[in-house]
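For reference, the structure discussed in these notes is given below.
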Amino acid sequence: MSTPPNTRRIVTSHNEDGKACIQIDSKQQWHDIPSLGAKVATIYIIEDGLPTKDNNSSIDGAERELDPNNLNLLPKGPGANTGATLLCPGGVTPMHRSSSQDYNILVEGELILMMEDGSETHIKTPGDVVVMKGGLHAWKNPSTTNWAHWVTVLVSAEPVEVDGQPLSVMSV
């Protein structure tokens with residue numbers, strides 16, 4: 001039997017100065033589920049969640065409008081958005097922050113996560129996950145020949161607060 005992939009779990013937070021930074025960068029911990037013949041890894045659990053009623057709806061969620069006040073990344077009001085991103089070779093996104101908790105899963109290629117505090121984290125194994133908790137960040141594709149492809153699940157969240165003040169949604 002082959003061994004599970006050596007994928008990482010990268011979780012962001014904010015330092016004491018309120019700057020977005022990396023909080024955790026660790027290997028995913030795989031646990032056997034013998035009854036299913038599978039292994040699972042917990043990435044991140046939200047305990048004060050948003051129960052959805054979409055399980056009983058036939059509406060195509062991809063057709064719903066997104067909120068222009070939240071970088072067109074989230075629905076208007078509480079909810080979640082699952083999307084895919086392709087970043088061209090050498091491409092760099094602008095620094096940005098949304099009021100959300102994002103689960104970014106690398107599918108193909110590689111990325112460099114650039115944080116507000118100046119740190120850079122190289123993500124290169126398909127299945128690596130970055131949990132972005134409202135941090136100001138950008139993505140860079142370091143390849144000169146291959147596209148980077150990742151899937152993101154964005155969940156509505158209250159804005160991050162520093163010294164009692166909410167940090168604004170932004171794209172620089």
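The values are calculated or read from the model by the stated rules, or taken from the named source; none is laboratory data. Keep in mind that this is a model prediction, so the values were computed, not measured. Ideal geometry is used to build each Cβ from the backbone, glycine not excepted, and the neighbour counts take in all protein chains shown. SASA here: full protein model, heavy atoms, side chains in, ligands and nucleic acids out. Shrake-Rupley method; radii C 1.70, N 1.55, O 1.52, S 1.80 Å.
Hey, how much of the P(r) for region 96-169 falls beyond 22 Å, as a percent of Cα pairs? Write out the running numbers ahead of the final one.
On the way: 695 of 2701 pairs.
That fraction is 26 percent.
Under a point spin-label approximation (7 Å from Cα along Cα-to-Cβ), what is the Lys76-Asp32 distance to one decimal in nm?
Once both label points are built, they end up 5.2 nm from each other.
Just reorder Lys39, Lys124, Lys133 by solvent-accessible area, largest first, 1.4 Å probe, all chains present. Intermediate values should be presented prior to the final figure.
Values: Lys39 80, Lys124 120, Lys133 45 Å².
I get Lys124, Lys39, Lys133, largest accessible area first.
Within region 129-157, whose backbone N sits under 13 Å from a point 7 Å along Cα→Cβ of Leu86?
146-150
When the solvent-accessible surface of protein heavy atoms is calculated with a 1.4 angstrom probe, in what order do Cys88, Cys21 fall, highest first? Walk me through the numbers on the way to the answer.
Numbers: Cys88 55, Cys21 20 Å².
The most accessible residue leads, giving Cys88, Cys21.
Quick one: net charge around Gly18, please, counting Lys, Arg +1 and Asp, Glu -1 for every other residue with C-beta under 14 Å from its C-beta. Write down the numbers at each step before the final one.
Values: positive: Lys19, Arg97, Lys133; negative: Glu16, Asp17, Glu116, Asp117, Glu161, Asp163.
That works out to -3.
So what does Val130 come to for accessible area, using a 1.4 Å probe and Å² rounded to 10?
0 Å²
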